[in-house]
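Below is one structure, written out as structure tokens; comments come after it.
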Amino acid sequence: MMNYRYAWLGLLLLFFAFPVNAAEEYSSIVDVDVTDVNAATAKEKAMLDANRRALNNVAPMLATQEGINIINSLSNEQIAYFIKDATILEEKSSDVRYMATLKITIQDGILRQYLEEKGAAEEAAVDTIEVLYVFSSMSDWLKVEELLKTTKNIEKLETVAMSNSKVQFKLNYMGSFDELNRSLETQGFSLHDNNGLYILKNLESSFSSMGDYNDQNDNNGY
């Protein structure tokens, strides 16, 4: 059993030695109630069960049906490598019973890459939003444009209108809006909804803010 675990660990270390994108996080709330010979054994089995159920809850967002079948075939030891954190929200125990509500966080980046290598990753849906960015100079916008084009989750950027101080563009992105915003925040930016037109804000500068935009022009002012 130990040899098997070390062999699996070696394979995973080799597999994930290649560069990967920063991991996104998915979580699942799981209730467990296990009875066994003693509370410690019950808790150990409950945690293993919670990990598997949490991974199964997240799987439909990332995996095809084939991918879900692959996940279901994994051993408890294999599943553990896709778990980032387990937070106990509430727990009770007796001599032979363990009950708890747990928040299990999945390492999405690692799980997604594993599924992609297996050819079993679900293709993320593509959505479109209109975005406004107020810039201090054209060189500023050119740098931001290049950054956006290389940001995770962004598929396409198409300019709609531009003046000497702001640009409006369509942004095609994969996955959820929250995932997009998290990717942008790692680059120092965030998006804020302004009646359907999203404002791109530089977190390190007060210039590109909703306040600056509203002071200078309305949504149609170019």
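Positive-end ranking of Asn57, Val167, Gly119 along the dipole of the range 40-178, with charges on Cβ about the Cα centre, is headed by Asn57.
Rg and Dmax of the range 11-117, both derived from C-alpha coordinates alone, stand at 14.9, 47 Å. Across the range 126-216, the mean sequence separation of Cα contacts (distance under 8 Å, 6 or more residues apart), normalised by length, yields a relative contact order of 33 percent. When you filter the GluC sites (Glu not before Pro) in the range 117-159 for DSSP loop state and at most 14 other Cβ atoms inside 10 Å of their Cβ, you are left with Glu123.
What does the convex hull of the Cα atoms come to per residue for the range 126-216, in Å³? Each step should come with its number before you reach the end.
On the way: hull volume 7.8 nm³, N = 91.
Enclosed volume per residue, from the Cα hull, is 86 Å³.
Under the simplified labelling scheme, the Lys149-Lys170 pair shows an inter-label distance of 1.8 nm, with each label point 7 Å from Cα along Cα→Cβ.
Given their separation in residues at 0.36 nm each and the Cα-Cα distance between them, Met138 and Leu197 gain 19.1 nm when the chain is fully extended.
Relative to the Cα centre, what is the charge dipole magnitude of the range 11-117, using +1 at the beta carbon of each Lys and Arg, -1 at the beta carbon of each Asp and Glu, and rounding to the nearest 20 debye?
Numbers: 9 positive and 16 negative charges, 19 e Å.
Computed about the Cα centre, the dipole is about 100 debye.
Ignoring aspartates and glutamates fewer than eight residues from Lys201 along the same chain, the ones with Cα atoms less than 17 angstrom from its Cα are Glu130, Asp140, Glu145, Glu146, Asp178, Glu179, Glu185, Asp193, Asp212, Asp215, Asp218.
For an R0 of 30 angstrom, estimate the FRET efficiency from the Cβ-Cβ distance between Glu66 and Glu158 and round to the nearest 0.05. Intermediate values should be presented prior to the final figure.
Working: r = 34 Å, r/R0 = 1.13.
About 0.30, to the nearest 0.05.
If I take R0 = 30 Å and measure r between the Cβ atoms of Asp49 and Thr186 in this structure, what FRET efficiency does the formula 1/(1 + (r/R0)^6) give, to the nearest 0.05? Working from the Cβ atoms, E equals 0.35.
Residue pairs exceeding 26 angstrom between C-alpha atoms, taken from Lys84/Lys156; Lys43/Lys118; Lys43/Lys84: Lys84/Lys156; Lys43/Lys118.
Leaving out same-chain residues fewer than 8 places away, which aspartates and glutamates sit with a Cα under 18 Å from that of Lys103? Candidates past the 8-residue exclusion: Glu24, Glu25, Asp31, Asp33, Glu44, Asp49, Asp85, Glu90, Glu91.
How much length is gained on full extension from Asp36 to Asp95, taking 0.36 nm per residue of separation minus their Cα-Cα distance? Show your work: numbers first, answer last.
Numbers: separation 59, 0.36 × 59 = 21.24 nm, distance 0.90 nm.
Using 0.36 nm per residue and subtracting the Cα-Cα distance, I get 20.3 nm.
Rounding to the nearest 20 debye, state how big the charge dipole of the range 126-216 is about its Cα centre with +1 on each Lys and Arg Cβ and -1 on each Asp and Glu Cβ.
Working: 8 positive and 14 negative charges, 34 e Å.
Here the size comes out at about 160 debye.
Only the coordinates and a few stated rules stand behind these numbers; no lab work does. This structure is a prediction, so every number in the text was calculated from the model and none was measured. Glycine also receives a Cβ, built like all others from the backbone with ideal geometry; neighbour counts cover every protein chain displayed.
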